[in-house]
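The values are calculated or read from the model by the stated rules, or taken from the named source; none is laboratory data. From a predicted model like this one, the values you see are computed outputs, not experimental measurements. Cβ placement follows ideal geometry from the backbone for every residue including glycine, while neighbour counts extend to all protein chains displayed. Please note that ligands, DNA and RNA were not included when accessible areas were found on the heavy atoms of the full protein model with its side chains. Shrake-Rupley method; radii C 1.70, N 1.55, O 1.52, S 1.80 Å.
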Amino acid sequence: MQLSASSKPLRSQSFLIIYCKISNLKYQMTLPSGFPEPAQIGAIEVKQYPQYRAVTYTHAGDLRQATGIAFNPLFQHISNNQIAMTTPVEARYTATSGQIDAVPVAEVSFLYPAPNIAPSSVNSSVEVTDTSPMTVVSIGVGGAYTWESYENNLQKLKDWLQEHPEYKIVGSPRRFFYNSPMTAEATKISEVQIPIQRR
């Protein structure tokens with residue numbers, strides 16, 4: 001199965017479109033309902049997200065491999081249930097390799113287009129999850145989806161939070177991936193985010 005995407009995502013106020021080709025079929029990928037546009041590369045901003053539904057695969061082990069391992073069961077779920085694929089792909093890290101004695105776990109999700117979609121079947125390897133509205137601090141990232149890039153930008157968010165004590169962390173960090181693996185590395189965009197709320 002081959003996944004490819006155009007190297008220049010199209011933006012508007014309400015959605016971002018990426019054209020990808022999977023098994024010789026063309027799909028139009030949009031942001032889930034109510035989602036804000038990706039942050040500008042290098043910009044740190046506070047963003048609001050609505051409630052959303054997703055199909056989620058939980059990976060324990062090397063976090064660098066999580067999204068690759070999760071792709072097939074997640075794609076099989078949306079294909080079997082005829083659910084349109086959206087962008088971004090979400091990865092939440094509930095424990096990181098830098099934590100002593102912690103088991104590194106990643107929850108990788110394909111987001112449903114709308115929170116009221118109900119699948120007709122759910123394989124035991126995945127689960128359907130509902131996420132409540134949240135506030136995050138986010139940084140836009142350009143370039144390859146490396147673990148080093150994630151760690152560097154996560155640290156930038158932590159530094160920002162040190163300078164903004166009016167906010168506290170209320171959840172695990174996450175990444176949003178907006179492009180397919182076949183997109184040229186230099187043109188990829190992503191976000192690193194930390195859920196927050198005012199003290």
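Within straight-line reach of LYS156, meaning a Cα separation under 13 Å, sit the following aspartates and glutamates at least 8 residues removed in sequence or on another chain: GLU45, GLU148, GLU191. In plain terms, the chain from SER132 to MET182 could stretch by 14.8 nm, reckoned as 0.36 nm per residue minus the Cα-Cα distance. The apolar share of the surface of segment 51-171, taken as the fraction of accessible area on carbon and sulfur atoms (1.4 Å probe, ligands and nucleic acids excluded), comes to 46 percent. With K and R counted +1 and D and E -1, the other residues having a Cβ less than 10 Å from that of ARG175 yield a net charge of 0. Computing FRET efficiency as 1/(1 + (r/R0)^6) for SER125 and ARG199, where r is the C-beta to C-beta distance and R0 is 35 Å, gives about 0.35. Each label was represented as a point 7 Å from its Cα along the Cα-to-Cβ direction; for ILE117 and TYR167 these points are 2.9 nm apart. Rg then Dmax, both in Å and based on the Cα atoms of segment 66-153: 14.8, 42.
Stretching the chain fully between VAL103 and ALA144 yields a gain of 12.2 nm (0.36 nm per residue, less the alpha carbon separation).
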